[in-house]
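Engineer: Encoded as structure tokens, here's the structure I'll be asking about.
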Amino acid sequence: MPPKGAATKLQPMRLPPLPKLRVRRPNQADANPCLALMSSVLTCWASAGYNVAGCQALETQLRTCMDMPRPKNQKKNTINYHLSRMYPNIVGPRKRK
């Protein structure tokens, strides 16, 4: 409950005067799926020495992962387009210089 004499109407949210709203790096690449297998192979080699028989299963999994083609169509994120489109509605009218 607001204190006595205080206005109960909510004040609209005001953003600082920015030239434009942007999200930095919206299209970040996904982490490499073979990275976990690579670290597993390296730890296996470090713990057992370079032993072909001990780490053979991990090596074959890593090879199959590395031989798979990467997906080519990655959709671009449209967040910056929509932010630039909606920003005038959020900020409201500006003073002329």
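Engineer: From the set of residues in the range 20-39 that are within 10 Å of the chain's Cα centre (by Cα) and surrounded by 10 or more Cβ atoms within 10 Å (Cβ to Cβ), which is farthest from Ile90 (Cα to Cα)?
Structural biologist: The residue in question is Asn27.
Engineer: Tyr87 passes all but one of (1) assigned to a helix (DSSP H, G or I); (2) modelled with pLDDT of 80 or more; which number fails?
Structural biologist: (2)
Engineer: Whether any residue in the range 13-34 is touching a Leu at 6+ places or on another chain (Cβ under 9 Å), at pLDDT 85 or above, in a helix (DSSP H, G or I) and hydrophobic (A, V, I, L, M, F, W, C) is what I want to check. Steps first, answer last, please.
Structural biologist: Step one: list which residues in the range 13-34 are touching a Leu at 6+ places or on another chain (Cβ under 9 Å), which gives 15, 20-23, 34.
Of the ones still in play, those that are also at pLDDT 85 or above are 34.
Cutting the leftovers down to in a helix (DSSP H, G or I) gives us none.
No: the range 13-34 contains no residue that is touching a Leu at 6+ places or on another chain (Cβ under 9 Å), at pLDDT 85 or above, in a helix (DSSP H, G or I) and hydrophobic (A, V, I, L, M, F, W, C).
Engineer: Mind checking which residues of the range 59-79 are free of Cβ contacts under 8 Å to residues at least 40 places away in the same chain and in a loop (DSSP other than H, G, I, E, B)? Let's see the steps before the verdict.
Structural biologist: Of all residues in the range 59-79, those free of Cβ contacts under 8 Å to residues at least 40 places away in the same chain come to 59-73, 75, 78.
Answer for the range 59-79, where residues must be free of Cβ contacts under 8 Å to residues at least 40 places away in the same chain and in a loop (DSSP other than H, G, I, E, B): Met68, Pro69, Arg70, Pro71, Lys72, Asn73, Lys75, Thr78.
Engineer: I would also like to ask the following. How many residues are of a type in the set (Val, Ile, Thr) and assigned to a helix (DSSP H, G or I) when one looks only at the range 36-58?
Structural biologist: If we filter the range 36-58 for residues that are of a type in the set (Val, Ile, Thr), which is where we start, we get 41, 43, 52.
Right, trim to assigned to a helix (DSSP H, G or I) and you get 41, 43.
Looking only at that region, the number is 2.
The values are calculated or read from the model by the stated rules, or taken from the named source; none is laboratory data. This is a predicted model, so every value here is computed, not measured. Cβ sites come from the backbone with ideal geometry, for glycine too, and all protein chains shown count toward neighbours.
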